[in-house]
Amino acid sequence: MVAYALRHLLFAFHRLFWPRRINCTDLAGFHLPSLSILIPMHNEEAVAADVLEALAETDYPHQAGFLEVIPINDHSTDRTGEILSQYARQYPWIKPLHRREGRRGKAAALQEATQIAQGEILIIFDADYIPGKSLLKFLTASFADPAIGAVMGRVVPHNVEASLLTRLLDLERAGGYQINQQARHDLGLIVQYGGTAGGVRRTALDAIGGWNTHSLTEDTDLTLRLAIQGWKVAYINRAECYEEVPETWEARRRQIERWAIGHTECLHRHLVPLLRSPYLDWKTKLDGILLLGVYWTAPLIVIGWLASVVLFFTGNSYLLMLASLFLAATCCNALGNFASFFEMGSSAMLDGVQRRVRLLPLNLANFVFSTMTVSIALGKYYASRVWGHSLAWNKTQRYRNGNGNGSDQGTPIGNGGANGRGLNVVRAKTASQGANGS
């Protein structure tokens, strides 16, 4: 835990006080490789129209040879396929792929779409994400560097006002991207490609063997395989994309469970190849170990709590000592957690939204919830390894009303014309945040 605490303090102080690493964002609009945008969709009628409308508004050239959008209807049973076909008739650069056979899941959908994609660069979006107008130009500019295998943009929640949980997740996302990802980019460590709002070079993907269709977290799997083979992953803080974060604790639980299991699966698969990679120095390997093992901290924390209780009731501990130990452990956990409290507070300062810091104490509840959820998820994962059971992929719940106009609790956010007012407000707000933190 001390190692994780020092790691995150280093990230925060480096982000706050050290100069930024030079990137290729000045080439945005000048380096324009051909793009294939892949959007896996399974029963996404509530959000499918929004992402397509937002892509129609982007300032990347839409003519042939520059851009194609491949929304993937992955065994949907709702109106998703119908919506995609309607947009394909309206925009010739939208080319839906309707999957009715074969393995289900995001990675399998991406694998099949990659086989028909024509672009040099593959840009990936989840169906509920809404790209900013200049996102594509910012992402693709980094591929001017031939060493870059993948690029990740910043994810910003757009449904922040929906609940207390969404406000807490907004702080968590800000700390994870504004501080954590940016610092890893600046320090030359392993930036994590997040599976959406990012892109991968086609030749790099082919060089590492394509998508892993058996992974619950194909993004982490891709990140590690790229790093092991010597490819770099870049992070662009100004490339903002807007997501719909979970609004209920149950949806959040399922999301954390999927991440914890998939990430830990990558630990077992890639730890040894990471240590043996001739392309990585010792600092990058050390950070890679901490990155892969981050979810193991949760059960260790729970074991520590249970051990303290046992010691107390067996007469081997004192209340004052127990309370002091609990508070010290909580402080250490807050710093050593994946999105630390210090990182979240620093990101609020950089974004110019200091009032958000008032919510930091409430993130203790989020921290305890995540710790218990991860511990249970890892218990399921290791039990499945012992008994040979496979774990299913769970789709994150959507909260928009599903009428195709992109509304979220009555507020338009998706379309660019009269219906796009809500998203324009979000864009204006987050654009200023990106400028402050770029």
Conditions first: (1) within 14 Å of the chain's Cα centre (by Cα); (2) farther than 30 Å from Tyr399 by Cα; (3) not hydrophobic (A, V, I, L, M, F, W, C). Asp186 passes all but one, so which condition is the exception? (1)
Test for Glu243: is it among the charged types (D, E, K, R) and over 25 Å from His268 (Cβ atoms): yes
Could you look through the range 265-277, keep only residues that are surrounded by fewer than 17 Cβ atoms within 10 Å (Cβ to Cβ) and without any contact (Cβ under 8 Å) to a residue 40 or more places away in the chain, and pick out the one that is nearest to Thr371 (Cα to Cα)? His268
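Results for (1) over 23 Å from Arg253 (Cα atoms); (2) buried (at least 19 other Cβ atoms within 10 Å of the Cβ); (3) among the hydrophobic types (A, V, I, L, M, F, W, C); (4) at pLDDT below 70, shown as yes or no for each residue.
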{"position": "Phe341", "(1), (2), (3), (4)": "no, yes, yes, no"}
{"position": "Ser347", "(1), (2), (3), (4)": "yes, yes, no, no"}
{"position": "Arg358", "(1), (2), (3), (4)": "yes, no, no, no"}
{"position": "Asn366", "(1), (2), (3), (4)": "no, yes, no, no"}
{"position": "Thr373", "(1), (2), (3), (4)": "no, yes, no, no"}
{"position": "Trp387", "(1), (2), (3), (4)": "yes, no, yes, no"}
{"position": "Lys395", "(1), (2), (3), (4)": "no, no, no, yes"}
{"position": "Tyr399", "(1), (2), (3), (4)": "no, yes, no, no"}
Residues of the range 17-36 that turn out to be assigned to a helix (DSSP H, G or I), surrounded by 15 or more Cβ atoms within 10 Å (Cβ to Cβ) and out of contact with any strand residue (DSSP E or B) (no Cβ under 7 Å at 6 or more places or on another chain), as a count: 1
Within the range 54-69, track down each residue that is closer than 21 Å to Gly195 by Cα and not hydroxyl-bearing (Ser, Thr, Tyr). Ala54, Leu55, Leu67, Glu68, Val69
Residue among Ala227, Ala251, Ala207 that is within 24 Å of Arg20 (Cβ to Cβ) and over 12 Å from the mean Cα position of the chain (by Cα): Ala227
Identify, from the list Glu257, Glu244, Glu250, Glu265, the residue that is closer than 21 Å to Arg154 by Cβ and of a type in the set (D, E, K, R). Glu244
Leading residue by the ranking (nearest to Leu168 (Cα to Cα)) among those in the range 210-224 that are polar (S, T, N, Q) and more than 13 Å from the chain's Cα centre (by Cα): Ser215
Ala88 passes all but one of the listed conditions (1) farther than 23 Å from Arg154 by Cα; (2) surrounded by fewer than 22 Cβ atoms within 10 Å (Cβ to Cβ); (3) touching a residue at least 40 places away in the same chain (Cβ under 8 Å); the exception is number (3)
In this structure, does Val245 turn out to be at pLDDT 90 or above, farther than 26 Å from Val357 by Cβ, of a type in the set (Val, Ile, Thr) and not in a helix (DSSP H, G or I)? no
If Val69 meets every condition in (1) under 24 Å from the mean Cα position of the chain (by Cα); (2) more than 29 Å from Gln178 (Cβ to Cβ); (3) not in a loop (DSSP other than H, G, I, E, B) apart from one, which number is that one? (2)
Could you please let me know if Val309 is of a type in the set (A, V, I, L, M) and modelled with pLDDT under 90? yes
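The values are calculated or read from the model by the stated rules, or taken from the named source; none is laboratory data. This structure is a prediction, so every number in the text was calculated from the model and none was measured. Neighbour counts run over all protein chains shown; Cβ positions are idealised from the backbone, glycine included.
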